[in-house]
Structure formats: structure tokens, C-alpha cells
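J.: Okay, here's the structure, questions in a sec.
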Amino acid sequence: MRATSDYLLSPLLYASALSGIGIYLLREYMQGGRFTKKTDETGRVAIVTGCNQGIGKETVLELARRGATICMACRDMRKCDQARKEIIEATNNQNVFSRELDLCSMESIRSFASGFMREENNLHILINNAGIMDCPKMLTKDGFEMQIGVNHMGHFLLTLLLLDILKSSAPSRIVVVSSLAHRFGKINKDDLNSEKSYDRKMAYCQSKLANILFTRMLSKRLEGTGVTVNALHPGVVNTELFRNTPFLGSKFGKLLIAPFIWIFIKTKKNGAQTSLYAALDPILKDVSGQYFSDCKPKKVGSAAQYDEDAEFLWAESEKWTGITI
């Protein structure tokens, strides 16, 4: 009996228990804010790009649970169709559809937009979720550096092509998934397309900064239309976005950082929460041109406040994509 009592009073046992509780609480804190408001999205139509996995898939799953009609816009149709079947099975919402969209190709983007508008009369939510990160130097089919091409130019063209249907469906919302990495970005006016030199991390940061600047400029152009546009940082999330990152994308790297992922990195479901907040929260009905993280407004980095850079980027984006509003 004494031995058992001594064990129960052991400082090591209490230290271990407190440590475990501390780790659990830290993990919960790192998961960030959750969007818990109940909304009924029946009859509302949404497009989510890049949603066959990761936070995009979780976003579609929650929209489907709330009754929305969703178009899953993806490049890999095999994976998209599989994800669609899983979402329908989980939610019993039959109004989940898949359509091919390759943000590396302006032809594909135009085809997607025209096809969608032939089939649908409304669009209430556009979530520009797809993205690529930290990849080696590659070009899109139209000759754009891949990260600025997919993360910004592709979504720039898609959004502007869909503006008329968004306006006619108002109130409607555009949600732009950016990143905290925008704080480290710079719009390289002398080499926006990274033709003179290429730094994979800086190219990513530039593309995420472009998301914020695009959101600010589009918000001004949409004043009075009933269409809002906001950007967000989803958090550091355990997704395939790291697949191109040296070491972290390798099997050994994934194994080594697994404990840190569990503690410090958001789950895919929690990574989708700010997207859902920006798309659905009734309190944001008339809020536009803002930046959110963890389901709260956040201040953007200083580089995202330069009007001259925003105007330069908009003009270049119109030239590159061949579209104006």
C-alpha cells in the first residue's frame, strides 16, 4: 500500500500529467479560431477552387453540410470526383458538382467560367482557395512564373470573368486565401515574372502579397455592387502545400517533424475555419477589402499598404490576362 501511495505522490507523475495537459492546451491554442455560427446556405451557390484535398475539401464539406450548392473547381478530375463522392456520402447533399479548372491555363479558366455561367444563373460565394508553394522554377501554359501565375493571375482572371454573375446574385462574397507570407513579399516591378532571377520562397511571398493587393483594389471597384471581397491567412496547416519544399516534402522530413505538426500546425478542418468565417458570417455582410486570420480581423503587413504597388500590379494583371473591368 505504501509503495502505491508513494507512486501516486511522485513529483515525476504530477510533472508528466501537467506536461501532458500543457501540450494539449498548447495544441488547442494553435488550432486557432473556429467558425461556430449556424447558417443555412440552402439555395446559395458557391465555387471553391483547388478543393480535392486539404482545407479546400474541408471548406466544401462544411458548405455542403449547410445546404449550399457547390461547384468543385479542380485540375485533377480523378481526385476531384473521388472527393465529391466522399462529400456527398458524408453530407447527403446531392448538389455538389465537379468541373475542370486548370489555373495554369487561361484557356482552361475561360472555358470553366463560360461553362459555369451556361449552367448556373447564380453565384453567391467564390472562394479562391487553390495555391502552389515553394516550387522550382516552372512556367504556366501562358508563360507566367508558376507561383504568381496560379496564386494570383489565374484567380485574377477567374474572378473578373465571374463578376457579372456575382453582381447579379448580390449579396455575394469573394474570399481570397492568402498567407502570412505576404508580410515578407515585395512586388518586383522590374522582374514581376522572375525572368532575370528566381528565388522560390520570395516568388511565393510575392504571389501572396499580390492576393492582398488584388483584394484591396477589387474592393474599391466593387463599392455599391453588393459584392464584397476579403482576404485571409488560414494558418499553418497540415496539407500537401509543402510537397515541393525541400526536406519537409520528403518522407524522412515528414516523419521527423510529425510531433511538431501535431502540436503546432492546424488540422485541415481548423485550417478551413477562416475561409468559412469570411464566406458565411452574417456580421461580415457589408465588410470588404479586409484581411482575416483565426476568424478575426488582422492588420496586413506594410508592403500590402502601398497603393502604387497595388495599381502597378492591377495594370500588369490586366495586360497579362487580357481582361479589364
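J.: Would you list, by chain and number, the lysines whose Cα falls below 18 Å from the Cα of Lys167, excluding same-chain residues fewer than 8 positions away?
T.: Excluding near neighbours in sequence, the set is Lys220, Lys285.
J.: Note down the nm distance, to one decimal, between modelled labels 7 Å out along Cα→Cβ at Asp281 and at Lys298.
T.: In this crude spin-label approximation the distance works out to 1.3 nm.
J.: Less than 11 Å Cβ to Cβ from Ile187, Lys/Arg counted +1 and Asp/Glu -1: what total charge do the surrounding residues give?
T.: Neighbourhood net charge equals -4.
J.: Follow-up. Between Lys167 and Lys201, what is 0.36 nm times their sequence separation minus the Cα-Cα distance? Round to one decimal in nm.
T.: 8.7 nm
J.: Apply the Karplus parameterisation 6.51 cos²θ - 1.76 cosθ + 1.60, with θ equal to phi minus 60°, to every residue of the stretch 146-151 and state each ³J(HN,Hα) to the nearest whole Hz, in sequence, with x for glycine and proline.
T.: 3J(HN,Hα) across the stretch 146-151, in whole Hz: 4, 6, 5, x, 7, 5.
J.: Next question, about the same structure. What ranking, highest mean first, results for peptides 66-72, 152-158 when packing means the other Cβ atoms within 10 Å averaged over each residue?
T.: Put in order of decreasing packing, that is 152-158, 66-72.
J.: Obtain the nm distance between the two label points defined at Lys186 and Gln94 by a simple spin-label model: each point lies 7 Å from its Cα along the Cα-to-C-beta direction.
T.: Label-label distance for Lys186 and Gln94, simple model: 5.7 nm.
J.: Okay, next question. Between Glu86 and Asn122, what FRET efficiency follows from the Cβ-Cβ distance if R0 is 30 Å, with the result rounded to 0.05?
T.: Between Glu86 and Asn122 the formula returns 0.70.
Computed from the coordinates by the stated procedures, all read-outs in this text should not be read as laboratory data. What you see is a predicted model, and the numbers here were worked out from it, not measured in a lab. Cβ: placed from backbone, ideal geometry, glycine included. Neighbour counts: every protein chain shown.
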